[in-house]
Amino acid sequence: MARRNGSGAPREIEEWSQRRDAQDDALYERYGATLEREHAGEYVAIADDGRVIVGPDELTVAQQAVRDFGAGAFALRRIGAPAEARWRRARPTRRPLTPSASAARAPGCW
């Protein structure tokens, strides 16, 4: 069984995440910060080898980066904004609730 930290995540994942965060910060400082004057507010994907993709739409930039650099092999940031950590996962499709099912749920909950 994997050892877990206080957040419930396996320690190995937490350690990898911290290393990746530091690597992403270094990539942005080296290759992304120079884009702030011309591209503030846009998104940049920075490959581990320094190649960059810049664009106005986060999803489009991320999809192109996965195709060009490989999944997990790049930093994705909004140019000029502080770094933020997010885990992405597929969202389930919302299905209309039947009256009996919706009555069992709290208001506003899916």
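The values are calculated or read from the model by the stated rules, or taken from the named source; none is laboratory data. This is a predicted model, so every value here is computed, not measured. For neighbour counting, all protein chains shown are included, and Cβ atoms are generated from backbone atoms with ideal geometry for every residue, glycine included.
Values for this structure:
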{"item": "Qualifying positions in segment 16-46 - acidic (Asp, Glu) and either at pLDDT 90 or above or not in a helix (DSSP H, G or I) (or both)", "result": "24, 25, 29, 36, 38, 42"}
{"item": "Residues (surrounded by 13 or more Cβ atoms within 10 Å (Cβ to Cβ) and farther than 14 Å from residue 73 by Cβ) located in segment 35-52", "result": "35, 36, 39, 42, 43, 44"}
{"item": "Subset of segment 60-84 (residues that are of a type outside the set (Asp, Glu), part of a helix (DSSP H, G or I) and out of contact with any Gly (no Cβ under 6 Å at 6 or more places or on another chain))", "result": "60, 62, 63, 64, 65, 66, 67, 69"}
